[in-house]
Amino acid sequence: AQYADLAEKYLADNTYQPGTVLQFGGQNEVTETKKPNSVTIAGVVSTNPAHLMNSELYGEFVVELALLGRVPCNVVGKVNKGDLLVSSDVPGCACAYKEGNNPPAGSVIGKSIEEKHDTEQGIIEVLVGRL
């Protein structure tokens, strides 16, 4: 697998593209993040997991959610290598946590592996899990 992540299937409330940041909630188990610093982060939709758990889960909208490893992630704003990522005000996108204190428990999506130098929306590789 290109991004070498461990993923698990979850029931979503819609179809979501790889890299989308999801949180627990919505009509089923997970939904797209909609507000900054959400403390109900579930993970990032995987591209091609190296290992998939809960493979027998079926439903209308099933997503493969990265739990551990390297995956592409939708982000907005500038990001430095090693930045902690949290949900942004752009649905389904992360941003670098730039406040002085540690982010709220449950809000960290992952840690940036790449840098992003512009303020637009884009995709970078992140490490989810082991933080």
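The values are calculated or read from the model by the stated rules, or taken from the named source; none is laboratory data. On a predicted model such as this, the values are computed, not experimentally measured, just so you know. Here Cβ is always computed from backbone atoms with ideal geometry, including for glycine, and neighbour counts include all displayed protein chains. Heavy atoms of the whole protein, side chains included, go into the accessibility calculation; ligands, DNA and RNA do not. Shrake-Rupley method; radii C 1.70, N 1.55, O 1.52, S 1.80 Å.
General remarks:
- Strands (runs of 3 or more DSSP E) lying entirely in segment 43-97 (those with 1 or more residues that are open to solvent by less than 40 Å² (accessible area, probe 1.4 Å) and touching a Lys or Arg at 6+ places or on another chain (Cβ under 9 Å)): 62-76, 84-87, 94-96
- Summed over segment 99-109, residues that are open to solvent by 60 Å² or more (accessible area, probe 1.4 Å) and either at pLDDT below 90 or of a type in the set (S, T, N, Q) (or both) total 4.
- Reported count of residues in segment 1-42, each being over 13 Å from the mean Cα position of the chain (by Cα), open to solvent by 50 Å² or more (accessible area, probe 1.4 Å) and among the basic types (Lys, Arg), is 1.
- Flag if residue 93 is of a type outside the set (S, T, N, Q) and closer than 12 Å to residue 36 by Cβ: yes
- Pairs, first closer than 11 Å to residue 120 by Cβ and at pLDDT 95 or above in segment 68-83, second in a loop (DSSP other than H, G, I, E, B) and open to solvent by 10 Å² or more (accessible area, probe 1.4 Å), C-beta under 6 Å, six or more apart: 76/90; 77/119
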